[in-house]
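Step one of this worksheet: look at the structure below.
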Amino acid sequence: MRVTPVLTSAAATSALVAGFLVAAPPGSAEESTGEPAARPTAKIPTAVGKGGAVSTVDPEASAAALRVLKKGGNAADAAIAAAATLGVTEPYSAGIGGGGYFVYYNAATGKVATVDGRETAPRNMPTDAFIDPATGKPYNFTPELVTSGVSVGTPGTPATWHRVLKRWGTLTMAQALKPAIKVATRGFVVDETFHQQTLDNQERFEAYRATRKLFLPGGDAPEVGTIFRNPELAATYADLGERGLRAFYRGKLAKLMVDVVRNPRTTQGTDLPVPSGYLSRKDLSTYKVRNQSPTKISYRGYDIYGMAPSSSGGSTVGEALNIMERTDLSAKTPEQVLHTYLEAGALAFADRAKYVGDPRVVDVPLRTLLSDKYAAERACNIDPDKASVKPVAAGDASAYDGVCPAPAARGTVDTDTENISTTNLTVADTWGNVAEYTLTIEQTGGSGMVVPRHGFLLNNELTDFSTVYNEADPNRIQPGKRPRSSMSPTIVLENGKPFLALGSPGGSTIITTVLQMIVNRIDLGMTIEQAIAAPRAAPRNTANVTAEPEFITAYGPVLTDRGHTFVPAGDAFTSASQIGAATAIEFGPGRKLTAVSEPVRRGGGSARVVSPR
Ligand code: GLU
């Protein structure tokens with residue numbers, strides 16, 4: 001079936017294809033040497049060619065990965081070079097103060113493997129850490145939990161980079177960090193997104209001395225078109241390269257991180273309360289990434305590999321696809337496909353809330369959640385003509401036989417406090433290896449706390465725990481536990497070979513963005529460019545489905561007729577009217593690579609290939 005996809009209005013993308021160059025300020029290297037812009041700023045949504053490809057949200061990061069690929073590095077090397085560069089140019093979304101999940105297809109073995117580099121709760125974090133000891137009442141989510149030491153988890157990103165390079169890479173850490181050190185030293189051109197994100201964070205950035213100094217130079221957000229340098233981060237990276245993980249997880253920097261989390265260095269006169277946290281030197285020195293088996297399901301002839309818990313990405317995307325597969329969609333209209341997508345998403349989110357947490361600490365019935373028999377039972381809840389009343393109830397993972405059970409009672413609302421920061425990147429090399437990596441510091445701007453003299457922000461990832469403690473909740477706060485994530489780096493194989501790799505930021509909408517792109521591509525027959533640009537809806541088992549205005553315009557009336565209700569994106573946790581900022585690469589036919597990034601969302605991304613067609 002082929003349908004004419006609806007693209008976001010602004011996704012008539014040609015205006016962005018040409019890219020733009022921002023004049024560097026007088027006296028910069030470019031001007032004095034007369035060289036063409038040494039700082040890449042061109043936004044290129046799609047690149048087609050061979051020999052390796054990369055897609056990120058940022059031209060500098062994609063250029064760094066491309067350079068590594070051109071010099072003979074592989075996808076793992078290039079992914080770390082890009083991630084480190086994103087730590088410079090997208091410091092509010094990702095960096096060494098945070099964590100993430102890395103999925104890798106190894107062409108030599110034909111296997112997909114993953115690294116769980118999630119931040120972890122300190123071993124001394126009490127289960128009532130989100131209760132204010134002064135009042136006995138829960139802290140407000142904003143500002144207390146968000147801008148605080150109490151939500152800072154032990155960072156996993158430096159250890160992830162180290163593990164990825166050791167396991168699959170050919171470069172040393174020092175070599176992989178070199179492009180990022182260069183960008184941090186010579187500076188990058190401030191774009192609208194960086195400028196606006198700084199403004200959005202101004203009040204909390206002003207609350208910390210080191211943050212104010214770095215990100216509000218002269219008391220204000222850096223202007224669009226100016227050059228932003230971060231020599232302290234360059235030095236931190238250089239030290240990490242030279243001395244390895246002990247430069248981060250032990251010694252002076254570890255001591256400093258512990259100190260600022262426990263005694264936040266706030267500015268005089270700030271009104272923000274900034275609760276202190278629990279991070280210890282032992283948490284840092286004992287932090288370990290996990291080599292994790294990926295989730296795997298098959299969907300209409302494709303094998304879909306995702307991130308297992310502690311992320312809920314792989315289990316929720318996988319379960320929703322399994323539920324959708326119970327319906328033959330080949331002859332259906334786009335509305336019927338989208339109806340099935342909205343219902344399957346809600347059912348999978350109900351199970352996510354009931355069953356998914358850190359598997360080292362709670363039992364997660366992952367095998368059941370991903371089984372076809374369980375999906376068959378869950379699919380019984382879908383009426384082809386009518387939307388179910390949300391929230392729907394979770395299934396019974398302890399007793400199922402694939403036969404339709406009696407209709408379930410209504411479910412309960414799962415409070416969603418995940419934020420919309422984070423970044424994602426996709427890399428492929430000439431040998432056929434593929435890296436899909438989502439990394440974050442949680443909130444845009446993380447905890448707001450820059451580590452003094454080191455140029456990076458600490459995460460506030462522990463806000464991803466449920467904020468209200470409940471014994472029955474798999475995502476309740478527990479010491480030494482990883483908060484449940486939604487990050488969904490995904491690799492799709494066809495006959496054992498890469499077909500598609502994709503991922504996105506967006507808090508819990510990461511799951512629906514990845515799911516919807518797969519449905520767009522496989523069920524709706526869109527090209528990958530169309531699949532990424534198409535307007536999004538995020539069925540997360542809420543009373544109303546959050547959707548982009550373009551989605552509501554295009555499909556609202558027919559889906560509302562079936563009983564679905566929509567609210568435009570832009571609620572308390574999604575300040576923009578856009579959902580996600582995806583990247584993807586499609587493979588084939590032959591050796592052809594199609595790298596795509598967002599044409600419009602978050603200002604557009606940057607896709608590059610080694611040998612353009
Ligand atoms: N903290 C979120 C998660 O782990 C990601 C936040 C975001 O995408 O903005 O799923």
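Residues of segment 536-564 that are farther than 18 Å from Pro599 by Cβ and among the aromatic types (Phe, Trp, Tyr): Tyr555 alone. Taking segment 52-109 as the range and being over 17 Å from Asn230 (Cβ atoms), within 16 Å of the ligand (Cβ to nearest atom) and open to solvent by less than 10 Å² (accessible area, probe 1.4 Å) as the test, the residues that pass are Thr56, Gly99, Gly100, Tyr101, Phe102, Val103. Counting only helices (runs of 4 or more DSSP H) wholly contained in segment 1-107, the ones carrying 3 or more residues that are at pLDDT below 90 and of a type in the set (A, V, I, L, M) occupy 14-17. Applying a threshold of 7 Å to beta carbon distances and a minimum spacing of six or more residues, or different chains, the list of pairs starting in segment 375-399 at a residue that is within 22 Å of Val567 (Cβ to Cβ) and ending at one that is among the polar types (S, T, N, Q) and part of a loop (DSSP other than H, G, I, E, B) reads Ser388/Asn381; Lys390/Asn541; Lys390/Thr542; Pro391/Thr412; Pro391/Asn541; Pro391/Thr542; Val392/Asn381; Val392/Asn541. Candidates Arg167, Arg123: the one that is basic (Lys, Arg) and in contact with a helix residue (DSSP H, G or I) (Cβ under 7 Å, 6 or more places away or on another chain) is Arg123. Return yes when Val164 is more than 20 Å from Asp283 (Cα to Cα), out of contact with any Leu (no Cβ under 8 Å at 6 or more places or on another chain) and part of a helix (DSSP H, G or I) and no when it is not. Criteria met by Val164.
The set of residues in segment 259-288 that are open to solvent by less than 40 Å² (accessible area, probe 1.4 Å) and on the phi > 0 side of the Ramachandran plot contains only Val274.
For beta carbons closer than 7 Å, sequence separation of 6+ or different chains, a first residue in segment 139-155 that is more than 15 Å from Ser466 (Cβ to Cβ) and a second that is among the aromatic types (Phe, Trp, Tyr), the qualifying pairs are Thr154/Tyr287. Scan segment 458-472 and report the pairs whose first residue is assigned to a loop (DSSP other than H, G, I, E, B) and whose second residue is within 10 Å of the ligand (Cβ to nearest atom) and of a type in the set (Lys, Arg), with Cβ atoms within less than 8 Å and a gap of 6+ or a chain change. Within 8 Å, the pairs are Phe465/Arg484. If you go through segment 423-469 and pick out every residue that is within 9 Å of the ligand (Cβ to nearest atom) and closer than 23 Å to Leu502 by Cα, you end up with 10.
Go through Gly580, Gly570, Gly563, Gly590 for me and flag whichever is open to solvent by 10 Å² or more (accessible area, probe 1.4 Å), assigned to a loop (DSSP other than H, G, I, E, B) and closer than 30 Å to Ala108 by Cβ.
It is Gly590.
When Ala308, Ala254, Ala348, Ala331 are screened for being at pLDDT below 95 and either within 16 Å of the ligand (Cβ to nearest atom) or small (Gly, Ala, Ser) (or both), only Ala331 passes. Identification of helices (runs of 4 or more DSSP H) wholly contained in segment 242-344 with 1 or more residues that are among the charged types (D, E, K, R) and closer than 30 Å to Thr560 by Cβ yields 313-325. Could you give me the residue pairs with C-beta distances under 6 Å whose first residue belongs to segment 178-205 and is within 30 Å of Val274 (Cβ to Cβ), whose second residue is at pLDDT below 95 wherever it lies, and which are 6+ apart or on separate chains? From residues that are within 30 Å of Val274 (Cβ to Cβ), the pairs are Phe188/Arg39; Glu192/Gly603; Thr193/Arg602; Thr193/Gly603; Gln197/Thr444; Arg204/Thr147. Residues that are assigned to a strand (DSSP E or B), touching a residue at least 12 places away in the same chain (Cβ under 8 Å), open to solvent by 10 Å² or more (accessible area, probe 1.4 Å) and more than 22 Å from Ala595 (Cα to Cα): does segment 121-137 have at least one? No: zero hits.
The values are calculated or read from the model by the stated rules, or taken from the named source; none is laboratory data. Just so you know, these numbers come straight off a predicted model, no measurement behind them. Don't worry about glycine lacking a Cβ; one is built from the backbone with ideal geometry, like all the others, and counts go over all protein chains shown. The area values use the complete protein model at the heavy-atom level, side chains included, leaving out ligands, DNA and RNA. Shrake-Rupley method; radii C 1.70, N 1.55, O 1.52, S 1.80 Å.
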